[in-house]
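Worksheet for the structure shown next.
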Amino acid sequence: MAEKPIVRSVADSIVRLKDTEADVRSIADGREVSKSLRSLSKPNSPSSALRKAGVALIVGTPDPVTAVPGIALVAASYAAKRNDPSKLEDLATETRKILRDISSLSL
């Protein structure tokens, strides 16, 4: 008679485990994770959007009225390039430099 509660407990545990597994699968969608990782490793640059808009104004409409703002947008994109977000690769390179500098110090 004592075996019935144990079997029921094991069955309930298996059901809860399967429900939790299904919840985790629905939350950890592969597309969402890959999109987040891509934006982390290669963040979007606002300067590239400025450059594309400037080139579109210069080339798309060969009008002197739109060429002036187009040139201004291209110039602004090069000025804003230094404010681009850091990539993971840049952070790793900087970390290596700092560790090399720290190891070269002799105390």
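Values in this text are rule-based calculations from the coordinates and carry no lab data. This structure is a prediction, so every number in the text was calculated from the model and none was measured. Cβ coordinates were reconstructed from backbone atoms using ideal geometry, including for glycine residues, and neighbour counts include every protein chain displayed.
Descriptive notes on the structure:
- Cα lying deepest toward the dipole's positive end in the chain, options Ala72, Gly30, Asn44, charges on Cβ: Ala72
- Kyte-Doolittle at least 0.5, axis length at least 20 Å by Cα - qualifying DSSP helices, the chain: 64-80
- In this rough spin-label picture, where each label sits 7 Å from Cα along the Cβ direction, the Ala49-Leu37 distance is 2.6 nm.
- Here the spin labels are modelled as points 7 Å beyond Cα on the Cα-Cβ line, and at Val7 and Arg25 they lie 2.8 nm apart.
- Rule-of-thumb Rg ratio for the chain [Cα; 2.2 N^0.38 Å; N residues]: 2.14
- Positive minus negative residues near Arg16 (Lys, Arg vs Asp, Glu; Cβ under 14 Å): -2
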